1. Check whether at least one residue in the stretch 17-32 is more than 21 Å from the chain's Cα centre (by Cα) and modelled with pLDDT of 90 or more, and report yes or no.
2. Suppose we filter Thr76, Thr92 for residues that are in contact (Cβ under 8 Å) with a residue 24 or more places away in the chain and among the β-branched types (Val, Ile, Thr); which single one remains?
3. Can you pull out the residues in the stretch 192-211 that are within 21 Å of His328 (Cβ to Cβ), of a type outside the set (Lys, Arg) and either in contact with an Asp or Glu (Cβ under 8 Å, 6 or more places away or on another chain) or open to solvent by less than 10 Å² (accessible area, probe 1.4 Å) (or both)?
4. For the stretch 60-75, which positions are part of a helix (DSSP H, G or I) and either surrounded by 15 or more Cβ atoms within 10 Å (Cβ to Cβ) or modelled with pLDDT of 95 or more (or both)?
5. Within the stretch 40-57, which residues are modelled with pLDDT of 90 or more and either closer than 27 Å to Asp142 by Cα or part of a helix (DSSP H, G or I) (or both)?
6. Which residue is farthest from Pro96 (Cα to Cα), if the candidates are limited to the stretch 33-59 and must be buried (at least 16 other Cβ atoms within 10 Å of the Cβ) and basic (Lys, Arg)?
7. Hey, does the stretch 147-156 have a residue that's closer than 23 Å to Ser203 by Cα and touching a helix residue (DSSP H, G or I) at 6+ places or on another chain (Cβ under 7 Å)?
8. Is it the case that Arg179 is over 29 Å from the mean Cα position of the chain (by Cα) and buried (at least 18 other Cβ atoms within 10 Å of the Cβ)?
Amino acid sequence: MSGELSSATGIRQTVTVVLPVSLPDGGPRETGWTPGPLPFRAGQGAWDRERRARYFAPAAARALYDDRRHRTVSVTEGALRLEGLELLRAATPGAPRRGLGVLHFTVTGPRLLETLRAIGHRPGAGPDPLTGSLDPAVLFADAADTRPPAAPFALARPYTVAFFTPAAHHTAALRDADRELPPSADSWLRSLAARATEDDNPSPPQRLERVAAEAIRISADWSALVDRHGAAFLGHRPDRGEGDFYGFALAQARTVHLDALLLGMVQRDHLDALTDELSQVFGSAPGLARRVFALERNIAVFRSTHWRRHQTVHGPADGLLRAFQARHRLPELFADILAEAADYSRIVQTRESGQIAGALGVLTILGLPLGTALSVLQVLGDENPRHLVLALLAALAATTAALTTRYGRLVLASLRGTPRR
């Protein structure tokens, strides 16, 4: 199935590559970068920030567009033609310079699947096409550092989003006379999303059944599939070329649908940062309560800005975001983070309650002998300074003796915030 895809040339073939970058403080240094996302055009208007923001909740739109820049470029090398670049700052509390770099390519000839395999470094694939004049380090040289970050990142390798529309003779991807999709269509979809041929990763029947269940049927004309390291859009009727609906579909795939996947990547990075912060709560340095408070604050900020149940009002984009979350198990990861943070908060509260109780115990041990001694002197009417000093010394001795008892040692241990062994 994917062997036929390897030699197929679609009417529209594009690849969007997303990779991690490190941005300088203040954004790109050069003036050649324009604020906002790359405004692809389709039909009557451009898919600019204002139009795309209507598809997302306000908090998600701010995260996607407030600190984003683009630049239109035209570079051709081999089968790839670069059309534009984007930079999105995706700062986390521990990595304020973290961002995402986006490269938009058009692919010519029967090279789409082979290009994806090469980007994914599949065994037997050709050389990585992101070299030479298409090297991200060269393309982003004036604006970002493309060296892989040392900290955990959602993108262990470049993430690809492929788009393919068939011609009339690509029957493997087209609906049949009964408007049913053949199994080969989902096989093509999986190959584009997984960046693999059947020889790279043979598909058992169970996997193809899972692809059919996980595929997002955007309409009768096209489907989408989100994999761990890539996503794909595949048409299911012949593309008639200029003026066809697929021009609009391609614009959506490169804008709103891509933005939904970018939001998932930003969510994953924040969850990775929170997981790393959790692992450092019980560090050797003092200040456990302060670290737990900072962790809870970062969780609250993440939940309010990046993790709401309804991030997009657009059905297909919402389905793509949820598919990305499911592929990376983000809901389960966030649930584990919340549970672990709650455990740490209870530990801090228990320790603080013990310290308060210990402080009250110390006041009791100190105050009871002294208060008793002074009360006796007052009842006797003794105002002799010598007797007062003796009473204070006796109270001090009684307090010291009380602190050497098991109860006294327990009070001191509670005050220090350490368990009594």
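The values are calculated or read from the model by the stated rules, or taken from the named source; none is laboratory data. These numbers come from a predicted model, not from an experiment. Counting neighbours? That spans all protein chains shown, and the Cβs are built from the backbone with ideal geometry, glycine included. The area values use the complete protein model at the heavy-atom level, side chains included, leaving out ligands, DNA and RNA. Shrake-Rupley method; radii C 1.70, N 1.55, O 1.52, S 1.80 Å.
1. Taking every residue of the stretch 17-32 in turn, none turns out to be more than 21 Å from the chain's Cα centre (by Cα) and modelled with pLDDT of 90 or more.
2. Details: Thr76 fails: in contact (Cβ under 8 Å) with a residue 24 or more places away in the chain.
Of Thr76, Thr92, the one residue that is in contact (Cβ under 8 Å) with a residue 24 or more places away in the chain and among the β-branched types (Val, Ile, Thr) is Thr92.
3. If the condition is that a residue be within 21 Å of His328 (Cβ to Cβ), of a type outside the set (Lys, Arg) and either in contact with an Asp or Glu (Cβ under 8 Å, 6 or more places away or on another chain) or open to solvent by less than 10 Å² (accessible area, probe 1.4 Å) (or both), then Leu192, Ala193, Ala194, Ala196, Val211 are the ones that fit.
4. If the condition is that a residue be part of a helix (DSSP H, G or I) and either surrounded by 15 or more Cβ atoms within 10 Å (Cβ to Cβ) or modelled with pLDDT of 95 or more (or both), then Ala60, Ala61, Ala63, Leu64, Tyr65 are the ones that fit.
5. Phe40, Ala46, Trp47, Asp48, Arg49, Glu50, Arg51, Arg52, Ala53
6. Going through the qualifying residues, I end up with Arg52.
7. no
8. It is false that Arg179 is over 29 Å from the mean Cα position of the chain (by Cα) and buried (at least 18 other Cβ atoms within 10 Å of the Cβ).
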